[in-house]
1. Given the conditions (1) assigned to a strand (DSSP E or B); (2) within 30 Å of D62 (Cβ to Cβ), and given that S139 satisfies all but one, which numbered condition is not satisfied?
2. Which of the residues spanning the stretch 149-167 are more than 18 Å from the chain's Cα centre (by Cα) and either surrounded by 14 or more Cβ atoms within 10 Å (Cβ to Cβ) or assigned to a strand (DSSP E or B) (or both)?
3. For the stretch 44-72: of the residues being in a helix (DSSP H, G or I) and open to solvent by 90 Å² or more (accessible area, probe 1.4 Å), which is farthest from T15 (Cα to Cα)?
4. Among the residues of the stretch 9-30, are any on the phi > 0 side of the Ramachandran plot and not in a loop (DSSP other than H, G, I, E, B)?
5. What number goes with the only condition from (1) modelled with pLDDT of 95 or more; (2) under 23 Å from D166 (Cβ atoms); (3) more than 18 Å from the chain's Cα centre (by Cα) that K135 does not pass?
6. Filter the stretch 88-123 down to the residues that are touching a residue at least 12 places away in the same chain (Cβ under 8 Å), open to solvent by less than 50 Å² (accessible area, probe 1.4 Å) and either among the charged types (D, E, K, R) or in a loop (DSSP other than H, G, I, E, B) (or both) and list them by number.
7. Hey, H177 hits all of (1) surrounded by fewer than 11 Cβ atoms within 10 Å (Cβ to Cβ); (2) under 30 Å from K68 (Cα atoms); (3) modelled with pLDDT under 90 but one; which does it fall short on?
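The values are calculated or read from the model by the stated rules, or taken from the named source; none is laboratory data. From a predicted model like this one, the values you see are computed outputs, not experimental measurements. Virtual Cβ from ideal backbone geometry, glycine too; neighbours counted across all protein chains shown. Only protein heavy atoms, including side chains, enter the accessible area calculation; ligands, DNA and RNA are left aside. Shrake-Rupley method; radii C 1.70, N 1.55, O 1.52, S 1.80 Å.
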Amino acid sequence: MNHEQFVAELGKLRTSSTFLTLKGYRNDHGEVADYNIVFHMSYENALMRSIAVLEAVVPDTDLDAQAKKECLESFMTSLDKAQTTPIEELDDGYRRFTDDNGKYIKGVKLHEESNTLHIYGLVVNKKVIMPGTYKTKNSKPLTIAKDKLRRLCPVGRFRQFKITPDQLDGISVEGLHMLPPEE
């Protein structure tokens, strides 16, 4: 199955949010895990919910207040871009796909330079099969405070996955089981 055939199968799924399982996903750090994600989810809606979550947060310190302010500004800028720039006009190096009716298929895109298919969505569950090796982070206090706030928000659970035979054993969605497409 090639990229086009693979995406055509994804285009046949219901257009509303649905659960998708990535089996045996291998990341760049050597970790192998199974992921359950919400696929076909609106990033714009996740941004709006994230803004609402952050607005309700009461900061404990000046650093937390600064982190909240910067996260809110970032989410609002992203939301403005999502609401004012049609997906097909984004100039970010990715090609989006449409279904047979010409409707944009949320959650899948092709990185044009590397010819790598990407699936993205909201992570609901992750089961680590083999731990990876990660460097220790040496983040500044403001970055740590912002990361803590992002984990409270739906946007903080959005992930993008490279879909290649070397990085993924298979995908299950709505009773359909697929192998990663050949490049």
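1. Tallying (1) assigned to a strand (DSSP E or B); (2) within 30 Å of D62 (Cβ to Cβ), S139 fails exactly one: (1).
2. Within the stretch 149-167, the first condition is being more than 18 Å from the chain's Cα centre (by Cα), and the residues that meet it are 165-166.
Within the stretch 149-167, none qualify.
3. Taking the stretch 44-72 first, the residues in a helix (DSSP H, G or I) are 44-56, 62-72.
The next check asks that each one be open to solvent by 90 Å² or more (accessible area, probe 1.4 Å); those that pass are 49, 55, 62, 69.
Working: R49: 20, E55: 30, D62: 43, K69: 34 Å.
Here the answer is D62.
4. First, the residues of the stretch 9-30 that are on the phi > 0 side of the Ramachandran plot: 24, 30.
Filter again for not in a loop (DSSP other than H, G, I, E, B), leaving 24.
Yes, there is a match, as at least one residue in the stretch 9-30 is on the phi > 0 side of the Ramachandran plot and not in a loop (DSSP other than H, G, I, E, B).
5. Status for K135: all satisfied but (1).
6. Within the stretch 88-123, G93, R96, D99, K109 qualify.
7. H177 satisfies all of (1) surrounded by fewer than 11 Cβ atoms within 10 Å (Cβ to Cβ); (2) under 30 Å from K68 (Cα atoms); (3) modelled with pLDDT under 90 except (2).
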